[in-house]
Amino acid sequence: MNVSKVLIIGGVAGGASAAARLRRLNEHIEIILFEKGEYISFANCGLPYYIGGDIKNKADLTLQTPLGFKKRFNIDVRTFNEVTAINKDEKTVTVLNHNTNETYEETYDILLLSPGAEPIRPNIEGINLSRVFTLRNIPDTYRIKDYIDNFVPKAAAVIGGGYIGVEMAENLVQAGLSVTIVEMQNQVIAPLDFDMASILHNELERNGVTLKLETALEKIEEQGSSLKVVTNKGVFNTDMVILAIGVKPETKIAAEAGLKLNQRGALIVDDNMKTSDDFIFAAGDAVEVTDFITNEKAVIPLAGPANKQGRIAADNICGIKSEYRGTQGSAILKVFNLTASSTGITEKTAKRLGLNYEKSFTVSASHAGYYPGAEEMFIKTIFDKETGKILGAQIVGSEGVDKRCDVIAASINFKAAVSDLTKLELCYAPPYSSAKDPVNMAGYVAENILNGISKIFHYHDVSSLPKDGSINLIDTRTKGEYMRGHIDGFINIPVDSLRERMNEIDKSKPVYIVCQVGLRGYLACRILSGYGYDCYNLSGGYTLYKEIIK
Ligand code: FAD
């Protein structure tokens, strides 16, 4: 295909990536980039941190300017220029220049769409009040920041406990507000399972955030100087509302042009990022992707995929065969002193799809315990029960969560099994890790489960364990640990006294063991198995149990 002119709609993650790659591949193509807003290539992901004050300079939010893009890439960037129609038969777009209010047409050989996704604003009373904000771009950010600076609100309600909602909650607390999150589900951060999200609930509450879970917003009313937030579970007052209940692809003009969309309004593209029209490509939050694990069609709005898809589209436009292999949903989030990350599918998804999966929890130190400052991290690994193939992982902790999740994300990308995690040779020195890295440990534990060396039970099984003496319930921690808190019905036999006190355990009945994080329970199970006991270890131990079960 002879391509001499490419138009791009959307000047941020997907659009700007595509534009720069196009230029690097071809010095002579004419490239025009339309952005309806004032800014291009800005740091959407950094916006909450400007509001909270971690990012201090406005200028740091913009990574490129139209002038910079012109100078470096010779790209004609037209900000405040909104494409209002795609005329695919004529291969033109209609553009409204908001600076002059004039409308004009521009021809193309190839059109690339990266219009992103816009915040969902449900049709409920009060949603358009001036103190109800959404956050997508720089002007939204300034609106929120200016409101906080000028009116000094004391309280904020964040509607929606997704990534943006939780990041905003933290940053509003940092800005001095008292924050309530209203979330319809029983947990925040849907890409985590309830168990791992519970750890975040505790952290949010420790930092003063009020969580209203399983609560739906019904309306918002002005009430004197404050706002009345009406939910299905009651009413509370606040000074401002951040609406963060999700995003929807911004594909109105694509729909009007007759491009194929899925039911959620996302553009359907092939592996080369080509839409249903041979001359139109698309990338980013506006496109449907294939879930890397399940092969289901999905819409997963993340910056990494948007950037990669923009580059892949540019490659294909320039005749370089390049394929997008699907989205794993690798994501990470700071929640006060914790970091939460996930990659691949959750247990919820594995259940919904009826997959034959197993899960394991490991609690590991972020680096060698004898070197100061090590912190606990919880790893949940979800894997295929037959093949051991890793389906997903979720990690919550502080130091080093990101690199562990990235290692597992890379492993998933190469279709690894949990046994492969045991073989990874990862960087080690005491300040950074342990000779057996937490990722290796997750692999060892899962491998032991798969090959039957270790039998486990989970925190959610505990309440249904009979307390009538028909099974043995043993807590293998030290007496001190046991005294500081234990699960009702479990008797204390520390692992180091187990061999001497084995006669206290009835061999004819199964043994359920708990320890602090699962390690001593595993050791106890191995000892007891050697003497013919049928033994089960609580995955993640008492530490995980206490995070989840209140
Ligand atoms: P966008 O970056 O949204 O860009 C689309 C652009 O197209 C917009 O500027 C829009 O004005 C313009 N446009 C739309 N229609 C037209 C038109 N008709 N004419 C002209 N211009 C048009 N992702 C992560 O992976 N990690 C994070 O930590 C993270 N944090 C985020 C925090 C916030 C507050 C937000 C809002 C998003 C965050 N994301 C994060 C998501 C990430 O920013 C998006 O996935 C990514 O920006 C999508 O890129 P895109 O090119 O598809 O769309």
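The values are calculated or read from the model by the stated rules, or taken from the named source; none is laboratory data. As the structure is a prediction and not an experimental result, all values here were calculated from the model. Cβ: placed from backbone, ideal geometry, glycine included. Neighbour counts: every protein chain shown. Heavy atoms of the whole protein, side chains included, go into the accessibility calculation; ligands, DNA and RNA do not. Shrake-Rupley method; radii C 1.70, N 1.55, O 1.52, S 1.80 Å.
For region 100-110, enumerate the residues that are surrounded by 13 or more Cβ atoms within 10 Å (Cβ to Cβ) and within 14 Å of the ligand (Cβ to nearest atom).
Glu106, Tyr108
Suppose the filter is outside any strand (DSSP E or B), touching a strand residue (DSSP E or B) at 6+ places or on another chain (Cβ under 7 Å) and more than 16 Å from the ligand (Cβ to nearest atom); does Gly126 pass it? Explain how you work it out, then say what you get.
Working: outside any strand (DSSP E or B): yes; touching a strand residue (DSSP E or B) at 6+ places or on another chain (Cβ under 7 Å): yes; more than 16 Å from the ligand (Cβ to nearest atom): yes.
For Gly126, the condition - outside any strand (DSSP E or B), touching a strand residue (DSSP E or B) at 6+ places or on another chain (Cβ under 7 Å) and more than 16 Å from the ligand (Cβ to nearest atom) - is met.
Let me confirm something: among Ile55, Ile86, Ile75, which residue is within 31 Å of the chain's Cα centre (by Cα) and among the β-branched types (Val, Ile, Thr)? Quick ask: steps written out before the conclusion?
Numbers: Ile86 fails: within 31 Å of the chain's Cα centre (by Cα); Ile75 fails: within 31 Å of the chain's Cα centre (by Cα).
Within the list Ile55, Ile86, Ile75, the selection yields Ile55.
Name the single residue, out of those in region 111-123 being within 11 Å of the ligand (Cβ to nearest atom) and either over 24 Å from the mean Cα position of the chain (by Cα) or not acidic (Asp, Glu) (or both), that is surrounded by the most Cβ atoms within 10 Å (Cβ to Cβ). If you could, list the steps in order and put the result at the bottom.
So the first thing to find is which residues in region 111-123 are within 11 Å of the ligand (Cβ to nearest atom), and the list is 112-119.
Okay, now just the ones that are also either over 24 Å from the mean Cα position of the chain (by Cα) or not acidic (Asp, Glu) (or both), so 112-117, 119.
On the way: Leu112: 27, Leu113: 33, Ser114: 31, Pro115: 27, Gly116: 25, Ala117: 21, Pro119: 18.
For region 111-123, the residue satisfying everything is Leu113.
Quick one: Thr294 ticks every box in (1) in contact with a helix residue (DSSP H, G or I) (Cβ under 8 Å, 6 or more places away or on another chain); (2) open to solvent by 40 Å² or more (accessible area, probe 1.4 Å); (3) more than 24 Å from Glu35 (Cα to Cα) bar one, so which box is it?
Exception for Thr294: condition (2).
Could you tell me which residue of region 151-171 is surrounded by the fewest Cβ atoms within 10 Å (Cβ to Cβ), considering only residues that are within 13 Å of the ligand (Cβ to nearest atom) and part of a loop (DSSP other than H, G, I, E, B)?
At the first step, the residues of region 151-171 found to be within 13 Å of the ligand (Cβ to nearest atom) are 158, 160, 162-171.
Narrowing further to those that are part of a loop (DSSP other than H, G, I, E, B): 160, 162.
Details: Gly160: 24, Gly162: 20.
It comes out as Gly162.
Mind listing just one residue for me: the one in region 45-57 that is open to solvent by 40 Å² or more (accessible area, probe 1.4 Å) and more than 10 Å from the ligand (Cβ to nearest atom) and, of those, nearest to Arg78 (Cα to Cα)?
Of everything passing the filter in region 45-57, Asn57 is nearest to Arg78 (Cα to Cα).
Based on what the data block shows, is Leu465 among the aliphatic types (A, V, I, L, M), open to solvent by 60 Å² or more (accessible area, probe 1.4 Å) and touching a residue at least 40 places away in the same chain (Cβ under 8 Å)? If you could, list the steps in order and put the result at the bottom.
Values: among the aliphatic types (A, V, I, L, M): yes; open to solvent by 60 Å² or more (accessible area, probe 1.4 Å): no; touching a residue at least 40 places away in the same chain (Cβ under 8 Å): yes.
Spelling it out, it is not the case that Leu465 is among the aliphatic types (A, V, I, L, M), open to solvent by 60 Å² or more (accessible area, probe 1.4 Å) and touching a residue at least 40 places away in the same chain (Cβ under 8 Å).
Name the residue, out of Asp277, Asp285, that is touching a strand residue (DSSP E or B) at 6+ places or on another chain (Cβ under 9 Å) and more than 11 Å from the ligand (Cβ to nearest atom).
Numbers: Asp285 fails: more than 11 Å from the ligand (Cβ to nearest atom).
Matching residue, one of Asp277, Asp285: Asp277.
For every residue, the table says whether it meets (1) in contact (Cβ under 8 Å) with a residue 40 or more places away in the chain; (2) within 15 Å of the ligand (Cβ to nearest atom).
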{"position": "Gly14", "(1), (2)": "yes, yes"}
{"position": "Glu30", "(1), (2)": "yes, no"}
{"position": "Ile40", "(1), (2)": "no, yes"}
{"position": "Ala43", "(1), (2)": "no, yes"}
{"position": "Glu90", "(1), (2)": "no, no"}
{"position": "His98", "(1), (2)": "yes, yes"}
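Could you please give the count of residues in region 243-254 that are of a type in the set (A, V, I, L, M, F, W, C) and closer than 30 Å to Ile220 by Cβ?
Just the residues of region 243-254 that are of a type in the set (A, V, I, L, M, F, W, C), to begin with: 243-245, 247, 253-254.
Of the ones still in play, those that are also closer than 30 Å to Ile220 by Cβ are 243-245, 247.
The total comes to 4.
Since Met483 meets every condition but one in (1) in a helix (DSSP H, G or I); (2) over 39 Å from the mean Cα position of the chain (by Cα), which condition does it not meet?
Checking Met483 against (1) in a helix (DSSP H, G or I); (2) over 39 Å from the mean Cα position of the chain (by Cα), the one that fails is (2).
When you look at Glu82, is it open to solvent by 30 Å² or more (accessible area, probe 1.4 Å), within 14 Å of the ligand (Cβ to nearest atom), among the acidic types (Asp, Glu) and farther than 21 Å from Asn2 by Cα, yes or no?
Details: open to solvent by 30 Å² or more (accessible area, probe 1.4 Å): yes; within 14 Å of the ligand (Cβ to nearest atom): yes; among the acidic types (Asp, Glu): yes; farther than 21 Å from Asn2 by Cα: yes.
Considered against the rule, which asks whether it is open to solvent by 30 Å² or more (accessible area, probe 1.4 Å), within 14 Å of the ligand (Cβ to nearest atom), among the acidic types (Asp, Glu) and farther than 21 Å from Asn2 by Cα, Glu82 comes out as yes.
Would you pick out the residues in region 469-502 that are of a type in the set (Val, Ile, Thr) and either free of Cβ contacts under 8 Å to residues at least 40 places away in the same chain or buried (at least 20 other Cβ atoms within 10 Å of the Cβ) (or both)?
Our first condition is that a residue be of a type in the set (Val, Ile, Thr); within region 469-502, this holds for 471, 474, 476, 478, 487, 491, 493, 495.
Of everything in region 469-502, those that are of a type in the set (Val, Ile, Thr) and either free of Cβ contacts under 8 Å to residues at least 40 places away in the same chain or buried (at least 20 other Cβ atoms within 10 Å of the Cβ) (or both) turn out to be Ile474, Thr476, Thr478, Ile491, Ile493, Val495.
Looking at (1) more than 13 Å from the ligand (Cβ to nearest atom); (2) open to solvent by 30 Å² or more (accessible area, probe 1.4 Å); (3) at pLDDT 95 or above, which is the one condition that is false for Val6?
The one condition Val6 does not meet is (2).
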